[in-house]
Amino acid sequence: MTGDKDFDATLTECFRVLGAKGADYTVGSKDRLANFRTGAEFFGISPEQVLGVYLHKHVAAVFSYIKTGGQSESEPIEGRITDVINYCLLLSKLVAEKKRAAPVTPK
């Protein structure tokens, strides 16, 4: 992949988790973003905002790990890092979809 064994191990885990959790979060559809869309509809906010709430939990845990020097983590920090990377990948998909859906305005 990248040629760096640590990066490659992290990315391999990201892909594994995306596949495993993807089935849980697609809410019975093939849409990888279904969980964010249904949450958005339910709460009256955007899919990006729903994703932001989920992402915040993991980023806060990473910051706590950094601040405390790795003390008192309820789950391994590697899992939090994987989740942050995956949420950023999912956000990039939301952004790409929004750009594709936006009407093109002449300059």
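The values are calculated or read from the model by the stated rules, or taken from the named source; none is laboratory data. Everything numeric here is computed off the predicted structure, so don't read it as measured data. Heads up, the Cβs are rebuilt from the backbone with ideal geometry, glycines too, and the neighbour counts pull from every protein chain shown.
Worth pointing out:
- Filtered residues of the stretch 1-10 (kept if surrounded by 10 or more Cβ atoms within 10 Å (Cβ to Cβ) and without any contact (Cβ under 8 Å) to a residue 24 or more places away in the chain): Met1, Asp4, Phe7, Asp8, Ala9
- Checked against (1) touching a Ser or Thr at 6+ places or on another chain (Cβ under 7 Å); (2) surrounded by fewer than 16 Cβ atoms within 10 Å (Cβ to Cβ); (3) more than 25 Å from Met1 (Cβ to Cβ), Ala60 meets all criteria but (1).
Let's see how each residue does on (1) in contact with a Cys (Cβ under 8 Å, 6 or more places away or on another chain); (2) at pLDDT 90 or above; (3) not in a helix (DSSP H, G or I):
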{"site": "Lys21", "(1), (2), (3)": "no, no, no"}
{"site": "Lys30", "(1), (2), (3)": "no, no, yes"}
{"site": "Gly39", "(1), (2), (3)": "no, yes, no"}
{"site": "Glu48", "(1), (2), (3)": "no, yes, no"}
{"site": "Val53", "(1), (2), (3)": "no, yes, no"}
{"site": "His56", "(1), (2), (3)": "no, yes, no"}
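- Tally, over the stretch 64-94, of residues that are loosely packed, with under 11 Cβ neighbours inside 10 Å and modelled with pLDDT of 90 or more: 5
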